[in-house]
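Structure first, commentary second.
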Amino acid sequence: MGDDHALYLDKYQRISLEHSFVLYQWGLHPEEMRDEFVTPVKDILAKRVGFRCSNPACRKPTSGPQEDSTKSINIGVAAHITAASSDGPRYNPALSSDVRKDVTNGIWLCQSCAKLIDNDESRYPIEVLQHWKAIGESAALRALENRSGPEDEELLFLRLEQLMQDLLEEIRKDLAAHPLGREFVTLSKRWSYWAKGNELVYYFEDHTELDNKLRILLNYGLIRDITSNSNAKHYVFTEAFVRYFGV
Ligand SMILES: [Zn+2]
């Protein structure tokens, strides 16, 4: 982190301190104030994920050069997992002020992801953010060590969940009902098709850009194309893909 980055955070803190002072002047109780992170905590949060957004579907770098060669840009935010004040998202009144501003209650995100998690509390509950934080840190460590493995697989699946949630949701249900099902076909509801009886079916009408979604799964080696001389496209799920659904 450059000096300029530290200056940026210091300025933020100064604003926060001035804000606190105004609240005191208004006679508000300290508990009603925000439990902001101090600069070293923000610094640690950013460094633990290599200055990348912790949202596995984003992973955007949050630090880079400014035009001025002596300065750097920061678009990262040390977001609170449970809110800094009682009117904020995911607020937990049981926590002490110290715990609320502790590094364990922070997650490093880019500005747009920080906004996203605060605007949709039900989609991004505490458990999801803690999970993001854990895999963000683990990905940073693995990148440092130049390793790849199961963690990267987990990141991949989280990314896929964002790209084709509808399709994965249907596959999840199908595999739960047919744990031995591996073969599937893609069809239009307007076509007549003689099923062999053991294949799962996904309809173009139910999933936008179904071919593109399957192309991505093929690229990642999660399905294989076994179309022979039939009109309908036939595929099979690989065992790695099936395992992801807990089957
Ligand atoms: Zn982000």
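So which of 83, 94 is loosely packed, with under 14 Cβ neighbours inside 10 Å, among the aliphatic types (A, V, I, L, M) and more than 16 Å from the ligand (Cβ to nearest atom)?
None of the other options fit; the residue is 94.
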Checklist entry - Among (1) part of a strand (DSSP E or B); (2) within 30 Å of residue 60 (Cα to Cα), which single condition is residue 186 missing? => result (2)
Next on the checklist: Criterion first (touching a Phe, Trp or Tyr at 6+ places or on another chain (Cβ under 9 Å) and polar (S, T, N, Q)) does residue 86 satisfy it?
Outcome noted: no
Next on the checklist: Give me the helices (runs of 4 or more DSSP H) completely within segment 52-170, filtered to those with at least 3 residues that are at negative phi and of a type in the set (Val, Ile, Thr), ordered by residue number.
Outcome noted: 126-144
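Please work out if residue 105 is modelled with pLDDT of 90 or more and under 14 Å from residue 45 (Cβ atoms).
Yes.
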Checklist entry - Which residue out of 205, 199 is surrounded by 15 or more Cβ atoms within 10 Å (Cβ to Cβ), more than 26 Å from residue 152 (Cα to Cα) and acidic (Asp, Glu)? => result 199
Checklist entry - Taking segment 34-80, which residues are polar (S, T, N, Q) and either away from the ligand (no atom under 16 Å from the Cβ) or under 18 Å from residue 117 (Cβ atoms) (or both)? => result 39, 54, 55, 62, 66, 69, 70, 72
Next on the checklist: I'd like the full set of residues that are more than 18 Å from residue 163 (Cβ to Cβ) and acidic (Asp, Glu), limited to segment 203-247.
Outcome noted: 205, 225, 239
Item to check | Residue that is assigned by TED's automatic domain parsing to the domain that holds residue 223 and either buried (at least 16 other Cβ atoms within 10 Å of the Cβ) or of a type in the set (Phe, Trp, Tyr) (or both), where the choices are 135, 171 | outcome: 171
Next on the checklist: If I filter segment 97-132 down to residues being surrounded by 15 or more Cβ atoms within 10 Å (Cβ to Cβ) and among the polar types (S, T, N, Q), which single residue comes out as farthest from the ligand (Cβ to nearest atom)?
Outcome noted: 105
Checklist outcome for this item: With the first residue restricted to segment 226-247 and required to be among the aromatic types (Phe, Trp, Tyr), and the second required to be assigned to a loop (DSSP other than H, G, I, E, B), Cβ contacts under 7 Å at 6 or more apart or on different chains are 235/226; 237/182; 241/222
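The values are calculated or read from the model by the stated rules, or taken from the named source; none is laboratory data. On a predicted model such as this, the values are computed, not experimentally measured, just so you know. We place every Cβ from the backbone using ideal geometry, glycine too, and count neighbours over all the protein chains shown.
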